[in-house]
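First up is the structure itself, then whatever we jot down about it.
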Amino acid sequence: MTAPVTPVVVPGPAELAEAAASWTAQRVTAAVGARGACYLALAGGETPRGCYERLARSPYRETLPWPSVFVFWSDERQVSLDHPESNYAMAKAVLLDHVRIPAEQVFPLVGDPTPGLRRIPADAGGRPRFDVIHLGLGEDGHTASLFPGSPALKEVRALIAQVHDAPKPPPDRLTLTLPVLNAARAVLFMVQGTSKRQALARVLRGDPALPASHVQPLDGELHFIVDRAAGGQ
Ligand code: 6PG
């Protein structure tokens, strides 16, 4: 069981973007230094946009070992990769088009993502062990595309789950499952805005009714960077 987590509370979205970029840069650099590669899963939605825009600017654009980074997503909406609702499209526009990650090291979550996931070094349980996973938080406590009451929450073997009834449109999605999220070396939740305040408080209390409460890395770091609007200070 992961120990209770104390979030880092920053004034607002700009500070959240900076803090999340700095946190991520440290772990990307450490992973490449230690193992020669960094396996990174980006979050979807709007909150991480600021962090990704920040990573695409100085000093991170020039200093991070981007050619050794392998990029995945923690979830994806099943729309075309150039669709405005695509998580891939957002990250490509604000980050991937601005840093030197080889195209063959970018793995959109479409079709059967298993071959790409199997390139990631596995933990003792055979689960891909990401170095960094970014996650957001929904007002209902969902994370990635793991929504309250979803059968995907019960997946203990599959690496990926298909979702066809997501209450947050679009309804059809692919998501990493909890075993993969919990195999990570480091998980970062980025949470901003007053609309997330109640869900965040419940997750930080470990309310089991909320999917995000079940993100508890077995042998890894769980970190929250939140703005004052969400963090209640
Ligand atoms: C998605 C995300 C989803 C998101 C939360 C928060 O594809 O929609 O993975 O889990 O992180 O819904 O979304 P915002 O950051 O837009 O509030």
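The values are calculated or read from the model by the stated rules, or taken from the named source; none is laboratory data. Worth saying up front: this structure is predicted, and the values here are computed from it rather than measured. Here the Cβ is made from the backbone with ideal geometry for all residues, glycine too, and neighbour counts use every protein chain on show. The accessibility values were calculated without ligands, DNA or RNA, using every heavy atom of the protein model including side chains. Shrake-Rupley method; radii C 1.70, N 1.55, O 1.52, S 1.80 Å.
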### Query
Given the conditions (1) out of contact with any Leu (no Cβ under 7 Å at 6 or more places or on another chain); (2) open to solvent by less than 10 Å² (accessible area, probe 1.4 Å); (3) closer than 29 Å to THR6 by Cβ, which single one is not true for ARG173?
(3)
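So how many residues does the range 184-203 have that are assigned to a helix (DSSP H, G or I) and open to solvent by less than 50 Å² (accessible area, probe 1.4 Å)? Let's see the steps before the verdict.
Initial filter on the range 184-203 (assigned to a helix (DSSP H, G or I)): 194-203.
When the remaining residues are screened for being open to solvent by less than 50 Å² (accessible area, probe 1.4 Å), the result is 196, 199-201, 203.
Total satisfying the criteria: 5.
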### Query
Of all residues in the range 55-77, how many are more than 17 Å from ARG100 (Cβ to Cβ) and more than 11 Å from the ligand (Cβ to nearest atom)?
1
### Query
From the list GLY44, GLY50, GLY12, which residue is within 11 Å of the ligand (Cβ to nearest atom) and over 22 Å from ARG185 (Cβ atoms)?
GLY50
### Task
State which residue pairs qualify: first residue within 12 Å of the ligand (Cβ to nearest atom) and inside the range 82-96, second residue aromatic (Phe, Trp, Tyr) in any location, beta carbons under 6 Å apart, and separation of 6 or more residues or different chains.
ASN87/TRP73; ALA91/TYR52
### Task
Give the residue that is surrounded by the most Cβ atoms within 10 Å (Cβ to Cβ), with candidates limited to residues of the range 211-225 that are within 12 Å of the ligand (Cβ to nearest atom) and hydrophobic (A, V, I, L, M, F, W, C).
ALA212
### Summary
Expected single match for in contact with a strand residue (DSSP E or B) (Cβ under 7 Å, 6 or more places away or on another chain) and not aromatic (Phe, Trp, Tyr) among ALA201, ALA158, ALA152 is ALA152
### Task
Filter the range 76-101 down to residues that are open to solvent by 20 Å² or more (accessible area, probe 1.4 Å) and of a type in the set (Ser, Thr, Tyr) and give me whichever is farthest from the chain's Cα centre (by Cα).
SER80
## Note on the structure
So, first residue farther than 19 Å from VAL203 by Cβ in the range 173-189, second residue among the acidic types (Asp, Glu), Cβ within less than 6 Å, six or more apart or across chains; the pairs are ARG173/ASP75; LEU174/GLU76; ALA183/ASP123; ARG185/ASP131
### Summary
Of the listed residues (ASP165, ASP219), the one being part of a loop (DSSP other than H, G, I, E, B) and farther than 26 Å from GLU85 by Cα is ASP219
## Note on the structure
Condition set of a type in the set (Gly, Ala, Ser) and within 20 Å of THR29 (Cβ to Cβ), scope the range 183-210, selection farthest from the ligand (Cβ to nearest atom): answer is ALA186
### Query
Which of the residues belonging to the range 102-150 are within 16 Å of the ligand (Cβ to nearest atom), among the small types (Gly, Ala, Ser) and open to solvent by less than 30 Å² (accessible area, probe 1.4 Å)?
GLY136, GLY138, GLY141, ALA144, SER145, SER150
## Note on the structure
Checked against (1) free of Cβ contacts under 8 Å to residues at least 60 places away in the same chain; (2) closer than 22 Å to ALA183 by Cβ; (3) among the charged types (D, E, K, R), GLU62 satisfies every condition except (2)
### Message
Quick test for you: out of PRO151, PRO217, PRO211, PRO179, pick the one residue that is over 21 Å from PRO11 (Cα atoms) and in contact with a His (Cβ under 8 Å, 6 or more places away or on another chain).
### Response
PRO211
### Summary
Apart from one, (1) open to solvent by less than 30 Å² (accessible area, probe 1.4 Å); (2) within 16 Å of the ligand (Cβ to nearest atom); (3) within 19 Å of the chain's Cα centre (by Cα) all hold for VAL32; the odd one out is (2)
